Amino acid sequence: MKKYLFVTCAFLSLVGMVSCKKSKEDRILEINAYEKKLLDANAPVNYQQADSLIFFLTEFVQDFPEDSLSPVFLFKAADIAMNTSEFQNSVNLYDEIILQYPNFEKLPECFYLKGFAFEQMGNIEKAREAYMAFIQKFPEHTLAPDAQTSIDYLGISPEELIRKFEQKNQDSLQLSKK
């Protein structure tokens, strides 16, 4: 009797969980609502809402990996993570896009932004690798010159960078006077 009762309870629990599962459309509406709250220009950034939105976006991808919105949602999640200084989470999400969605229209940006995230974390070698991979895979992309500039200035302090730009401007002025 106890065994029968346990199996019945387990079955009912499973049915309850499945029936509580939200439809794809409901999840999209929920994501849109959270996104609207998060992007309210009058409100300060709410990190808890940002984390919730990242959760909802990645949960959608887990449940609907073949959906055309999945790489878009991962990209949004990575962007939110980047903008809330969750750089490692951002890198992980960009890696997931790169591995799972090689035909995604924003794949080049994933490589570039992965380099930027590593740079923000202070991981110069990983940043260099990511920028180099970007340039190698997408040499004609509009961000390729930016990636090369980032490589050229990796590890240079802001003060030193300012001095270099000032020197470059002075050299340009002297050349123009000649």
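The mean accessible area for residues of region 67-138, using a 1.4 Å probe and ignoring ligands and nucleic acids, is 48 Å² per residue. Values of log10 I(q)/I(0) for region 92-178 across q = 0.12, 0.14, 0.16 Å⁻¹ run -0.45, -0.57, -0.68, by the Debye formula with one identical scatterer at each alpha carbon and no solvent. When peptides 134-146, 72-84, 90-102 are sorted by average Cβ neighbour count within 10 Å, with the highest value leading, the order is 72-84, 90-102, 134-146.
Lys126 to Leu154: extension gain in nm, 0.36 nm per residue of separation minus the Cα-Cα distance? Walk me through the numbers on the way to the answer.
Values: separation 28, 0.36 × 28 = 10.08 nm, distance 1.08 nm.
Answer, rounded to one decimal: 9.0 nm.
Binning the alpha carbon pair distances of region 18-145 at 5 angstrom intervals from zero yields the distribution 2, 11, 19, 20, 19, 14, 9, 4, 1, 0, 0, expressed in whole percent. Near Gln88, once Lys and Arg are set to +1 and Asp and Glu to -1 for all other residues with Cβ below 12 Å from its Cβ, the sum equals 0. Applying 1/(1 + (r/R0)^6) with R0 = 45 Å to the Cβ-Cβ distance of Asn103 and Leu161, what FRET efficiency is obtained, to the nearest 0.05? The pair Asn103/Leu161 has a calculated efficiency of 0.75. For a label point 7 angstrom out from the Cα of Lys21 toward its Cβ, which stretches of region 38-72 have the backbone nitrogen within less than 20 Å? From region 38-72, the list is 55-71.
The values are calculated or read from the model by the stated rules, or taken from the named source; none is laboratory data. Remember, it's a predicted structure, so these values are computed and weren't measured experimentally. Ideal geometry is used to build each Cβ from the backbone, glycine not excepted, and the neighbour counts take in all protein chains shown. Areas reflect the complete protein model, heavy atoms only, side chains present, ligands, DNA and RNA absent. Shrake-Rupley method; radii C 1.70, N 1.55, O 1.52, S 1.80 Å.
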